[in-house]
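Participant: This structure is in structure tokens; I'll ask about it shortly.
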Amino acid sequence: MAGGTFATQGSDPRHAADGTITRSVVIICIVAASAGLIFGYDVGISGGVTAMPPFLEKFFPSIPKKMAQAKPNQYCLFDSQSLTAFTSSLYISGLVSSLIAGRVTTTTGRRGILIIGGIIFLIGTILGVAAVNLPMLLLGRLLLGFGVGFTNQAAPIYVTEMAPPKWRGAFTTAFQSFLSGGALLATIINWFGSKMGENGWRFSLGCAGIPALIMTVGAFFIPDTPSSLIQRGQLQKARQSLNQVRGVESDTEAELNDLISHHEAAKAATKQPYKTIIQRKYRPHLVITTAIPTFQQLTGINIVAFYAPVLFRSIGLSVDGSLVGAIILNFINFSSTFVSAYSVDRFGRRLLFLEGGVQMILCQFVLAYIFSAELGTAGTANFSKGSAILVLVLMCIISAGFGWSWGPLTWIVPSEILPLEVRPAGQGICIASNFLMTFILSQAFLSILCKMKYGVFLFYAGWVLIMTAFMGLFMPETKGIRLEEMDKIWQGHWFWYRFVEDPSLNYANMIDGNQNHNQPGHSL
């Protein structure tokens, strides 16, 4: 170790900095990845406040009336389109803003998008806290969505472009770690908010401004990525940014020249990135970039995150008990992201996708059986205490499987497979696909639960089975491959080779070379 860097040596001096971790790159990537904190906080906070009686009585008075019935249908207790609109409105505006951000980022850069998104999120937070009626509450949620759409578009790409190639997966996992940490923080805040009486929900919503302020202020003090600066013709700033994250002792000129060459080759396409990405040679990128974020929501994990307190109340837990259950659930999810950070650059992306999928499928089937046995189809029976605890345990296992697979990998894989010329557009499509599916499911989930009853868990298990098979068949491994060489992974794939150029290049040899370069003996 020297000069504040931790280096791993490779046989190719041109790529000597591929495994070098500097203090600067750690701090810079943490600031950018903290964008996940505001998204995670909002995911966690919405489920908690919708379980608070004062919030329900003020904005959704029909639900407390249902709860007062002698024998309510537990499956349909919270079935309210206006209630789901509170949760889902964020995602429809996030969908729109993520597509806009793909264009704006070519002018402002990744750092500028983080700042813009943070400011919009803060304005939305103020409106939500001050809300006196449902339209004002929903307007605040829409602005939160615009802010999250901007930050989610920029943060994963920012970290991917800044991180050393050898440890890119671990660095990008930080975004999911912050996201899970934000959800955990939100459930803890909700527990305190539930004790504050009439305005506890305002306290819960208002605390969203703290992580947003930290990220926004922090973004003013970090450089933009070298790739983004080169795209905007700021070569000297790109050199300074690269020196800052790789360390003054590293030879960054070779990497800078690679980035410049890659940019020049892509320059003609950057004027119309959304038209470019639908070309045949980008078919693998478009399909994978759309499929992964869409499939992520079909695991059912965000539905669990949004409605965990509601779901726990539906099976007979008190308000306090439902919030404590949600805290446990989010703590498991947060902790599991560190398993991913350790594993993703050692065992690869595909293995984590497949293992996490199998784990979630099995638990979904068991949950369906428990709900069937306890509530049947009428939904008027009471859950036994033992079964309620077992539901919590199974949801924790699902949360853990998601936390080290589909959670972080949804942000890692699309941001690293997209070529520079379509990266902003592709990431915009990625986030928009995620938000679109999140909007549909969050708006429909409580109605689906009411209609399908315990079959809702079989619905998600079927989708997880499909997506696991898809990843096994169509997702090549990307572990340890430099961004500038990423296109080669498709050229040896049994299906995608027919869409990409230069199929004569040997993908297997390239993977072998990277594995030799990243031997287990080369550690921090």
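No value in this document is a laboratory result; all are computed from the given coordinates. All of these numbers come straight from a predicted model, not from anything done at the bench.
Participant: Looking at segment 34-174 from every direction and averaging, what is the projected area of its Cα convex hull in nm²?
Facilitator: Taking a quarter of the hull surface, the average projection is 9.8 nm².
Participant: Give the long-range amide H neighbours of residue 22: residues separated by 5 or more places, or on another chain, with amide H under 5 Å away, using H modelled in the peptide plane at 1.01 Å from N.
Facilitator: Amide H neighbours of residue 22: 6.
Participant: How would you classify segment 379-504 from its alpha-carbon gyration tensor, with a ≥ b ≥ c the square roots of the eigenvalues: rounded for a/c under 1.5, else prolate if a/b is greater than b/c, otherwise oblate?
Facilitator: The shape class here is prolate.
Participant: A follow-up question, please. What list of whole percents do you get for P(r) of segment 89-168, with Cα-Cα distances grouped in 10 Å bins up to the one holding the largest distance?
Facilitator: 21, 42, 25, 9, 2, 0
Participant: Expected output is a single nm value to one decimal: the length gained when fully extending between residue 451 and residue 251, i.e. 0.36 nm times separation in residues minus the C-alpha distance. What is it?
Facilitator: Difference between extended and current length: 65.8 nm.
Participant: Also, I was wondering about something else. Exceeding 31 Å between C-alpha atoms, which entries from my cross-link table qualify? They are 58/451; 281/451; 453/479; 451/479; 275/453; 195/451.
Facilitator: Correct reply: 281/451; 453/479; 451/479; 275/453; 195/451.
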